[in-house]
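Here the structure is laid out as structure tokens; the discussion comes afterwards.
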Amino acid sequence: MSLPASLEQRLRLPVVAAPMFLISNPSLVLACCASGVVGSFPALNQRDSAGFKAWLEEIEAGLAQLQAPAPYAVNLIVHPTNPRLQADLALCVAHKVPIVITSLGAVKEVVDAVHSYGGLVFHDVTTRRHAEKAAEAGVDGLIAVAAGAGGHAGTWSPFALVAEIRQFFDKTLLLAGCINHGHEILSAQLLGADLAYMGTRFIATAQSQAQDAYKQMLLDAHAVDIVHTPAVSGVPASFLRPSLEQAGYDMNALKSGPELGKLKPIDDEAKAWKTVWSAGQGVGDIHDLPDARVLIERLQSEYREALDRCQGIRAQAL
């Protein structure tokens, strides 16, 4: 395990509930932290920096009422197209956000700013080259977003992605992609990751901000209903096929290389993700909409059972 000391004794389960655009909110963050896993949200889930500041204050006040909660994390889009980056980063520094998750760019200045108060920076990557650049920027952890994950997912097998990252990176490694159960959390660790990074499973919880129709579509879906495409926002991401169809996308065009280049992404990023719904290939194994706390209790029980099975397998092998 390669967990920082600030995390090692504060997690009851090696899980980060991923920050999901337009989905994660303070209620979900607090439910996760209260149950011993890292809760997170994107700064851009609030319309402006003033709203982001209000959410930070709400989360901090909620955490103060809890006994030994897990830390929380904020996702910042580190890209020139994000005009709020500097203002939101300044708020993260002022509030000493424990973990900052960076996306679409690993910038040393951002890492240094978070390190100035003792915070951690985790950066999501989909390839070895992305991981190498983030490591050079001095991040504390890498999030390996493997094939099958929701959101801005990669196409590499988790076996290949984790193996190549571990050749040069010995800090904290998180793995994302089709993780719904406790035995899959343990599987991520056996591959070489320290933490499981779970997104889609937390969309299907009582606290998530997803529309009811979104949640039902997720419950009805199977892996075959997930389409990985750059057509929606210009960056490859995984989406629910029925939502693409509802938004007017031609499935035949999405499957055709030459035709794909003619499709124009939705201009407004928020509108894109509001009208076309993301999920990972693990949807076929999601069948309910529990309270996040109930879900995490279930994950903990499954994780312990998986550990017991591993001990039994080891005993047989010896």
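The values are calculated or read from the model by the stated rules, or taken from the named source; none is laboratory data. Keep in mind that this is a model prediction, so the values were computed, not measured. In this analysis, Cβ positions are derived from the backbone assuming ideal geometry, glycine residues included, and neighbour counts consider all displayed protein chains.
Any residue that is crowded, with 24+ Cβ neighbours inside 10 Å and touching a Phe, Trp or Tyr at 6+ places or on another chain (Cβ under 7 Å) - is there at least one of those in region 199-207?
No.
Mind listing whichever residues of region 18-65 are closer than 18 Å to Gly119 by Cα and either among the small types (Gly, Ala, Ser) or not assigned by TED's automatic domain parsing to the domain that holds Leu175 (or both)?
Residues satisfying the conditions are Ala18, Gly39, Ser40, Ala43.
Please go through region 153-178 and pick out each residue that is over 18 Å from Val15 (Cα atoms) and among the charged types (D, E, K, R).
Within region 153-178, Glu164, Arg166, Asp170 qualify.
For (1) part of a strand (DSSP E or B); (2) touching a Ser or Thr at 6+ places or on another chain (Cβ under 7 Å); (3) in contact (Cβ under 8 Å) with a residue 12 or more places away in the chain; (4) more than 18 Å from Leu91 (Cβ to Cβ), each residue gets a yes or a no:
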residue: Leu30; (1), (2), (3), (4): no, no, yes, yes
residue: Ser40; (1), (2), (3), (4): yes, yes, yes, no
residue: Arg47; (1), (2), (3), (4): no, no, no, no
residue: Gly51; (1), (2), (3), (4): no, no, no, no
residue: Trp55; (1), (2), (3), (4): no, no, yes, no
residue: Ile59; (1), (2), (3), (4): no, no, yes, no
residue: Leu66; (1), (2), (3), (4): no, no, yes, yes
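What residue, of Thr172, Thr155, is surrounded by fewer than 19 Cβ atoms within 10 Å (Cβ to Cβ) and in the same structural domain as Arg309 (by TED's automatic domain parsing)? Quick ask: steps written out before the conclusion?
Details: Thr172 fails: surrounded by fewer than 19 Cβ atoms within 10 Å (Cβ to Cβ).
From the options Thr172, Thr155, the qualifying one is Thr155.
What number of residues within region 3-21 satisfy the criterion of being closer than 30 Å to Trp273 by Cα and in a loop (DSSP other than H, G, I, E, B)? I'd like the intermediate steps shown before the answer.
Step one: list which residues in region 3-21 are closer than 30 Å to Trp273 by Cα, which gives 13-21.
The next check asks that each one be in a loop (DSSP other than H, G, I, E, B); those that pass are 13-14, 18-21.
Total meeting the criteria: 6.
Just checking, how many residues over region 56-76 are in contact with a strand residue (DSSP E or B) (Cβ under 9 Å, 6 or more places away or on another chain), surrounded by fewer than 20 Cβ atoms within 10 Å (Cβ to Cβ) and among the hydrophobic types (A, V, I, L, M, F, W, C)?
Final tally of qualifying residues: 1.
Which pairs have Cβ atoms under 9 Å, sit 6 or more apart or on different chains, and link a residue in region 183-211 that is free of Cβ contacts under 8 Å to residues at least 60 places away in the same chain and among the basic types (Lys, Arg) to one that is in a loop (DSSP other than H, G, I, E, B) and surrounded by fewer than 24 Cβ atoms within 10 Å (Cβ to Cβ)?
Listed pairs, sorted by first residue: none to list.
Can you tell me which of (1) surrounded by fewer than 18 Cβ atoms within 10 Å (Cβ to Cβ); (2) in a loop (DSSP other than H, G, I, E, B) is the one Ala87 doesn't meet?
Ala87 satisfies every listed condition except (2).
So, in region 1-30, how many residues would count as being of a type in the set (Gly, Ala, Ser) and crowded, with 24+ Cβ neighbours inside 10 Å?
Going through region 1-30, the residues of a type in the set (Gly, Ala, Ser) turn out to be 2, 5-6, 17-18, 24, 27.
From what's left, crowded, with 24+ Cβ neighbours inside 10 Å: 17-18, 24.
Within region 1-30, residues that are of a type in the set (Gly, Ala, Ser) and crowded, with 24+ Cβ neighbours inside 10 Å number 3.
Can you tell me which of (1) modelled with pLDDT of 95 or more; (2) closer than 20 Å to Lys171 by Cα is the one Ala87 doesn't meet?
Of everything listed in (1) modelled with pLDDT of 95 or more; (2) closer than 20 Å to Lys171 by Cα, Ala87 misses just condition (2).
Run down Ala113, Ala94, Ala160 and say which single residue is modelled with pLDDT of 95 or more, out of contact with any Pro (no Cβ under 6 Å at 6 or more places or on another chain), in the same structural domain as Ser187 (by TED's automatic domain parsing) and within 30 Å of Leu190 (Cβ to Cβ). Don't jump to the end; show me each part of the working.
On the way: Ala113 fails: within 30 Å of Leu190 (Cβ to Cβ); Ala94 fails: within 30 Å of Leu190 (Cβ to Cβ).
Being modelled with pLDDT of 95 or more, out of contact with any Pro (no Cβ under 6 Å at 6 or more places or on another chain), in the same structural domain as Ser187 (by TED's automatic domain parsing) and within 30 Å of Leu190 (Cβ to Cβ) holds for just one of Ala113, Ala94, Ala160, which is Ala160.
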